[in-house]
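Novice: Below is the structure I would like to discuss, written out as structure tokens.
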Number of protein chains: 2
Amino acid sequence: MSIICVGSMDYDAIETPFGKTDRIVGGAAVYAAYAAANFLKPVNLVSIIGNDFEDKEVKLLESKGASFEGVEKVKDKKSFFWSGRYHMDMNTRDTLVTDLNVLADFNPQIPDSYQDSEFLLLGNLHPAVQISVIKQMKTRPRLIALDTMNYWISAAIEDLRLVLTMVDLLMVNDTEARELSGEYSLVKAARVIMQMGPKFLVIKKGEHGALLFHGNQVFFAPALPLEEVFDPTGAGDTFAGGFMGYIAKTKDISFNNMKTAIIVGSAMASFCVEKFGTERLKEINRREIDDRIRQFIDLVNFDISLI
Amino acid sequence: MSIICVGSMDYDAIETPFGKTDRIVGGAAVYAAYAAANFLKPVNLVSIIGNDFEDKEVKLLESKGASFEGVEKVKDKKSFFWSGRYHMDMNTRDTLVTDLNVLADFNPQIPDSYQDSEFLLLGNLHPAVQISVIKQMKTRPRLIALDTMNYWISAAIEDLRLVLTMVDLLMVNDTEARELSGEYSLVKAARVIMQMGPKFLVIKKGEHGALLFHGNQVFFAPALPLEEVFDPTGAGDTFAGGFMGYIAKTKDISFNNMKTAIIVGSAMASFCVEKFGTERLKEINRREIDDRIRQFIDLVNFDISLI
């Protein structure tokens, strides 16, 4: 029993109203792995890194339970690099630099040792790359979850439409859901998107929480009201990693269990934004996670018997 | 046991992306009364109306349980009139016309028959008018709730600061909370505002739900994800009316009961936005309300035992 996390492993330069960092480890697979590893091990990484990816970062991830067998190391190129600046509201950001580097040639290979993984998380990448991973799985995973971004909705819509027919769950933010569906109402958008393939849909609304749709059912998980969101980078990937880690641990892909998984994902994301990059995720322990989940319960729980 | 609702009773002209109406009854006290009357009667209105306020609207409100003893009728002037146009996102609107008419001279008088009311809802009005109402109460109500708007934060901040020291609960939207406190983070804003007087604070976030703060406690109630928000006018007043109606019915002003009251208020507001003005509120019955509250329970409830 294990999980595969596919996605970028990179370096980021981030500027928020609270501070600035020139070079910090990041990428969808890194955030997702740090979150998922709290719930089950191994977390089978599929990614590509360059000659600048520090050994200490590999060792730390391995110590948390990540497997690097599916991570290609390119000796004569650098890792993917992204630089961005957040606005005051933290919901919008400008991308300053995107250096694809090794990511330009990413052609993932799934090692034999990963073939028994029942859960597959496809982080944001070109949909053709995501399709290639699914096709390499000899046994279809029990749950395939997909993340994407607005760039692919315009740049690779054909491939995106194809991969949507191959997955069980899509995770997008509200803007992406509107763009993909052509509907402003998220309820209508959800219906349109589920007709494209995924039976489950998570729409992330940042500081306003997340919605889970399945058929005519809907569930809402709030974001924790925080004094400060220090750095939102990676919050979505951390959410996805926590969600899938919990699902993989419990081996229950029912709508009911996904509700709990969304709360777990939201709790993990609430840690992520407290410090720069993966800093906070590197240090959290199980007790802190349990306390945080308890805060989410208190946040939304009310006495039904009173009504 | 009853409740006093103070606020405007007016006519509105509303334009939304879904339609347009030239003249429709509205006002904070009207919306609040329609919501509160589902939970207890009488709803003691305190307001002022002009010679154009239709008798059929008075009769309908009375049939629902509203008392007009505290409503001044001015024979030679018209009722307050407001006209506005909503943008596509329904979160922002332009005010086109504001004709104060009778509201310019509003000097509310609390009838003796209202003096036993234990719950007081002060809808959005000049804070000096709100202060006058509080001062007329011979016995302080058990719970005084106040609504206000950004206009008074700039135009009457001294009076607003004074009335804040006299009330138990303030209801504002996120923009107003930020403006009043000078803090962007809603958690920080809540702390600052509660130091100004009210022990309880509700921050309404429109389609993103509402937060209830009390000391270090926080509770979040989502808005129901709707296919369409047809007309958001009066949603905040309807929320306040449902909240206070439920509190007055249960006579329990604990934080725990307020959680449930926020869910009830959110349910009432979710009806309000389904049609123009008060149309939907005029027709709902108790069974529909119970069904809607059940939807809210399903929306946020997850199995804690799974964690």
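The values are calculated or read from the model by the stated rules, or taken from the named source; none is laboratory data. Not measured: the values here are computed from a predicted model. All Cβ positions, glycine included, derive from the backbone under ideal geometry; neighbour counts span all protein chains shown.
Novice: Confirm whether B:Leu162 is within 20 Å of B:Lys251 (Cα to Cα) and at pLDDT 95 or above.
Specialist: On the way: within 20 Å of B:Lys251 (Cα to Cα): no; at pLDDT 95 or above: yes.
Spelling it out, it is not the case that B:Leu162 is within 20 Å of B:Lys251 (Cα to Cα) and at pLDDT 95 or above.
Novice: Also, I was wondering about something else. I'm checking my understanding of the structure. Among residues of segment B:144-185 that are acidic (Asp, Glu) and in contact (Cβ under 8 Å) with a residue 24 or more places away in the chain, which one is surrounded by the most Cβ atoms within 10 Å (Cβ to Cβ)?
Specialist: B:Asp147
Novice: Among the residues of segment A:41-55, which ones are acidic (Asp, Glu) and either in a strand (DSSP E or B) or in contact with a Lys or Arg (Cβ under 7 Å, 6 or more places away or on another chain) (or both)?
Specialist: Narrowing segment A:41-55 to residues acidic (Asp, Glu): A:52, A:54-55.
A:Asp52 - this is the single residue of segment A:41-55 that is acidic (Asp, Glu) and either in a strand (DSSP E or B) or in contact with a Lys or Arg (Cβ under 7 Å, 6 or more places away or on another chain) (or both).
Novice: Regarding B:Glu227, is this residue within 14 Å of chain A (Cβ to nearest Cβ), more than 19 Å from the chain's Cα centre (by Cα), under 30 Å from A:Phe296 (Cβ atoms) and surrounded by fewer than 18 Cβ atoms within 10 Å (Cβ to Cβ)?
Specialist: Judged against the criteria, B:Glu227 is a match.
Novice: For B:Pro111, indicate whether it is more than 14 Å from chain A (Cβ to nearest Cβ), under 22 Å from B:Ala128 (Cα atoms) and out of contact with any helix residue (DSSP H, G or I) (no Cβ under 8 Å at 6 or more places or on another chain).
Specialist: Spelling it out, B:Pro111 is indeed more than 14 Å from chain A (Cβ to nearest Cβ), under 22 Å from B:Ala128 (Cα atoms) and out of contact with any helix residue (DSSP H, G or I) (no Cβ under 8 Å at 6 or more places or on another chain).
Novice: Suppose we filter segment B:86-110 for residues that are under 15 Å from B:Gly26 (Cα atoms) and touching a Leu at 6+ places or on another chain (Cβ under 9 Å); how many remain?
Specialist: Residues that pass the stated criteria total 1.
Novice: Out of (1) surrounded by fewer than 21 Cβ atoms within 10 Å (Cβ to Cβ); (2) part of a helix (DSSP H, G or I), the odd one out for B:Ala189 is which?
Specialist: (1)
Novice: Still on this structure: Filter segment B:198-216 down to the residues that are closer than 21 Å to B:Asn256 by Cα and out of contact with any strand residue (DSSP E or B) (no Cβ under 8 Å at 6 or more places or on another chain), then identify the one that is nearest to the other protein chains (Cβ to nearest Cβ).
Specialist: The residue in question is B:Asn216.
Novice: Given A:Ser181, A:Ser185, A:Ser113, which one is over 30 Å from A:Val218 (Cα atoms) and small (Gly, Ala, Ser)?
Specialist: Unique residue meeting the criteria: A:Ser113.
Novice: Is one or more of the residues making up segment A:11-33 of a type in the set (Phe, Trp, Tyr) and part of a helix (DSSP H, G or I)?
Specialist: So far as segment A:11-33 goes, yes, one or more of its residues are of a type in the set (Phe, Trp, Tyr) and part of a helix (DSSP H, G or I).
Novice: Also, quick follow-up: Output the number of residues of segment B:206-224 satisfying the condition of being outside any helix (DSSP H, G or I) and crowded, with 18+ Cβ neighbours inside 10 Å.
Specialist: 13
Novice: Among the residues of segment A:266-277 satisfying the criterion of being in a loop (DSSP other than H, G, I, E, B) and closer than 22 Å to A:Met149 by Cβ, which is farthest from the other protein chains (Cβ to nearest Cβ)?
Specialist: A:Gly277
Novice: Let me ask something else about it. Restricting the search to segment A:61-101, which residues are more than 14 Å from every other protein chain (Cβ to nearest Cβ) and of a type in the set (A, V, I, L, M)?
Specialist: Hits for segment A:61-101 are A:Leu61, A:Ala66, A:Val71, A:Val74, A:Leu96, A:Val97, A:Leu100.
Novice: A further question on this structure: Could you tell me which of the residues A:Ala189, A:Ala145, A:Ala177 is within 12 Å of chain B (Cβ to nearest Cβ), touching a strand residue (DSSP E or B) at 6+ places or on another chain (Cβ under 6 Å) and at pLDDT 95 or above?
Specialist: Working: A:Ala189 fails: touching a strand residue (DSSP E or B) at 6+ places or on another chain (Cβ under 6 Å); A:Ala145 fails: within 12 Å of chain B (Cβ to nearest Cβ).
Within the list A:Ala189, A:Ala145, A:Ala177, the selection yields A:Ala177.
Novice: Now a separate question. Can you name the residue in segment A:26-52 that is surrounded by fewer than 24 Cβ atoms within 10 Å (Cβ to Cβ) and not polar (S, T, N, Q) and is also farthest from the chain's Cα centre (by Cα) among such residues?
Specialist: Looking at the filtered set, the residue picked out is A:Asp52.
Novice: What pairs can you find where one residue is in segment B:251-265 and at the interface with chain A (Cβ under 10 Å from one of its Cβ atoms), the other is part of a helix (DSSP H, G or I), and their Cβ atoms are less than 6 Å apart, with a gap of 6+ or different chains?
Specialist: Partner pairs satisfying both residue conditions: B:Asn257/B:Thr250; B:Thr260/A:Leu306; B:Ala261/B:Phe243; B:Ala261/B:Tyr246; B:Ala261/B:Ile247; B:Ile263/B:Phe296; B:Val264/B:Gly242; B:Val264/B:Tyr246.
Novice: When you go through B:Ile297, B:Ile289 one by one, which is the residue that is within 14 Å of another protein chain (Cβ to nearest Cβ), among the β-branched types (Val, Ile, Thr), without any contact (Cβ under 8 Å) to a residue 40 or more places away in the chain and in a helix (DSSP H, G or I)?
Specialist: B:Ile297 is the lone residue from the list that is within 14 Å of another protein chain (Cβ to nearest Cβ), among the β-branched types (Val, Ile, Thr), without any contact (Cβ under 8 Å) to a residue 40 or more places away in the chain and in a helix (DSSP H, G or I).
Novice: Conditions: (1) crowded, with 22+ Cβ neighbours inside 10 Å; (2) in a helix (DSSP H, G or I). A:Arg280 meets all but one. Number of the miss?
Specialist: All conditions are met except number (1).
Novice: Of all residues in segment B:230-250 being among the aromatic types (Phe, Trp, Tyr) and in a helix (DSSP H, G or I), which is farthest from the other protein chains (Cβ to nearest Cβ)?
Specialist: Here the answer is B:Phe239.
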